[in-house]
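Below is one structure, written out as C-alpha cells; comments come after it.
The values are calculated or read from the model by the stated rules, or taken from the named source; none is laboratory data. Note that this is a predicted model, so its numbers are computed, not measured. Note: ideal-geometry Cβ built from the backbone for every residue, glycine included; neighbour counts use all protein chains shown.
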Amino acid sequence: MSSRLPEPDCAEHIDAAPYVLGALEDADSYREHLLTCASCREEVAALSLVVEALPTSVAPAKAPATLHQRILTTVRSEAEVLRAAGPHADEAPRAAGRWRARRLSFPAVGLAIAASAAVAAVIAITTSGSSSGVRVTAAHLSASLPGARASLRQVAGHAELVVSGMRQPPPGKIYEVWLKRAGGAPQPTDALFGVTSQGSGTASVGQSLHGVREVLVTSEPRGGSLHPTSQPVIVVTLAA
Amino acid sequence: MSVLRRPARLTNDRLRKLADEELMELVAGNDPDAFEVILERHADAAFSLAYRMCATRSLAEDVTQEAFLALWRGGARYDRARGSVRTWALGIVHNRAVDALRRCNVHERRRAGDEGIEDSLEAPERTDAQAIGNAAASEIRGALDELPDEQKQVIELAYFGGFTHIEIASMLDLPLGTIKGRMRLGLHKLRGQLHGWEAVGT
C-alpha cells in the first residue's frame, strides 16, 4: 500500500487521527471545528471505525472471578438503594430560588461559589437486607456546568464521588477532589479524575471523611495540586 | 416505579437470550440481573483491554470495575444508534484506563505504551474460547504488525499508552506535525487492510 494519501480538502484534517486516538491535546477546539467541517467529520467517522477495532487486537485475558463478584455486589446494593428511594433518588436536588453566595477560605483564590444555593439534601438510606449503610449525598454544581450531576456515595468508610453530564476539564487539566474540615483549608486528596466523552466519571476517595464538612472538586494541572488553583465546580456539604 | 422496569422477573436464562441492546434497556431501568448478563458477556474483553493498557493486574481490575460501574450508573445513556454495546463498553474502559494512566508516572506509562508488553508482564489467565472472534483478533494484530514501526509506535503510544500527541513528540524528539502525520498514515493503512472488518468483528 502506498504511503501517500490524497491531499485533504481541509488543513485541519491532520488533527483527525490524533483526535480519534484520544491523543489530541486541544480536542475541544477540534470538536468545535467538526461542527462546521463536513470533510473532517467524514474523516473522523472513517478513522473511528479503525480505532474501535484496536481493542480486539489485544491478547485475551480472563477477568478474575473476584472482580466479577466485587462489581456485582456494588451493583446489587445500589439497585436496592435506588429501588427503595424511588425513581429520582439519584438526581441532585434543584437549587433553591434564592442565591446565597458563601465565602470559602481558599488560600489562593478566596472566591465565592456562585452556585452554593441550598443545603445539600442528604438521602440517607440503609440497604434493606444488609447491614452495610449506603449514604448518598447530592452535590452542588457550579453554574458553569449546566446539566451536570454529582453525588457522593459512602459505604462502610469508603467514599466515591460519581459525576455525570460533566464537561471535560480544560486542556491539560484534571479534576481533583479536596476535603475541607471546619475552619480548615481544603486538603488535597489523591483522587484525580477525568470524565468520559459522555461526561461521566468516578473518583474514589481513600482518605477518611471523619470531621469533613465539604468535599470539593476543582480543575487542576495534571498530577494535581497541593492547594486549589481554581474555583470549585462541585461542592458536597456533609451533615455534621 | 419506572416504566422501563420489566413487569415480571425474567429468569436469568431468559435474560441470556436477549440481545445486548435489549438488556441495556433493562439496565437503564435499574435491573441488576440484566446487568449481570452484560458483565458476563463483556468482562473478559474489557479486562483484556484494561490489562494491555495498564500493565498491572491491580490497576486493570480497578479500571474494569470503574468502567462497569459507570456503565451501570449511566446505562440510560447508551444509544444504540451509535454502535454496539461492546464498542460502547470498551470505549468506557479505554477512557478510564487513559485517566488512570495519566495519573501514573511517565515511566510506567511508557512501559504500557510500548509494544511487546505481554512478554514482560505477570502472565494473566488466558481464555481459549473468547467472545472476541479469534479470526478478527488475529486479523487486526496482523494488520498492526504490518504497519511500518514508526506508525505502529505512535498509534500504540497514543491509544494504549494514553499519551497525547505533544507528549509523544517530545518523547521521540520529533515535530508535532510528524507525529500527527504518522498517526494519520497508520490509521489509513489499517483502514485499508481492515476493510470489511466490522462484519467479522460483530
**Complete:** All conditions in (1) at pLDDT below 90; (2) more than 7 Å from chain B (Cβ to nearest Cβ) are true of A:Ser39 except (1)
**Request:** Could you tell me whether segment A:21-32 includes any residue that is modelled with pLDDT of 90 or more, over 22 Å from A:Ala148 (Cβ atoms) and either part of a helix (DSSP H, G or I) or in the same structural domain as A:Val215 (by TED's automatic domain parsing) (or both)?
**Result:** yes
**Message:** Being modelled with pLDDT under 80 and of a type in the set (Val, Ile, Thr) is true for just one of A:Ile125, A:Ile174. Which residue is that?
**Reply:** A:Ile125
**Prompt:** How many residues does segment B:184-197 contain that are within 8 Å of chain A (Cβ to nearest Cβ) and either touching a strand residue (DSSP E or B) at 6+ places or on another chain (Cβ under 8 Å) or not in a helix (DSSP H, G or I) (or both)?
**Reply:** 1
**Item:** Looking only at segment B:152-179, and only at residues there that are over 19 Å from the mean Cα position of the chain (by Cα) and crowded, with 22+ Cβ neighbours inside 10 Å, the one that is farthest from A:Asp15 (Cα to Cα)
**Value:** B:Ile168
**Message:** Give me the residue from segment A:179-190 that is within 14 Å of another protein chain (Cβ to nearest Cβ) and modelled with pLDDT of 85 or more and, out of that set, nearest to the chain's Cα centre (by Cα).
**Reply:** A:Thr189
**Message:** If B:Arg110 satisfies all but one of (1) outside any loop (DSSP other than H, G, I, E, B); (2) of a type outside the set (S, T, N, Q); (3) at pLDDT below 85; (4) not assigned by TED's automatic domain parsing to the domain that holds B:Leu157, what's the number of the condition it fails?
**Reply:** (4)
**Fill in**
Among B:Ala55, B:Ala60, B:Ala70, the single one that is at positive phi and modelled with pLDDT of 60 or more is B:Ala55
**Message:** I'm trying to understand the selection: among the residues of segment A:178-221, which are of a type outside the set (Ser, Thr, Tyr), loosely packed, with under 14 Cβ neighbours inside 10 Å and within 19 Å of B:Val63 (Cβ to Cβ)?
**Reply:** A:Asp190, A:Gly206
**Asked** Can you pull out the residues in segment A:140-169 that are at pLDDT 80 or above and outside any strand (DSSP E or B)?
**Response** A:Ala148, A:Gly165, A:Met166, A:Arg167, A:Gln168, A:Pro169
**Asked** In this structure, does B:Arg96 turn out to be in a helix (DSSP H, G or I), within 8 Å of chain A (Cβ to nearest Cβ) and under 29 Å from A:Arg83 (Cα atoms)?
**Response** yes
**Asked** What is the residue count in segment A:52-77 for residues that are more than 7 Å from every other protein chain (Cβ to nearest Cβ) and under 24 Å from the mean Cα position of the chain (by Cα)?
**Response** 2
**Request:** Find the residue count for segment A:196-222, including only residues that are more than 8 Å from every other protein chain (Cβ to nearest Cβ) and assigned to a loop (DSSP other than H, G, I, E, B).
**Result:** 7
**Prompt:** Can you pull out the residues in segment A:50-66 that are closer than 18 Å to B:Arg86 by Cβ and aliphatic (A, V, I, L, M)?
**Reply:** A:Val50, A:Val51, A:Ala53, A:Leu54, A:Val58, A:Ala59, A:Ala61, A:Ala63
**Request:** Working carefully through the options B:Gly181, B:Gly161, find the one that is modelled with pLDDT of 85 or more and not in a helix (DSSP H, G or I).
**Result:** B:Gly161
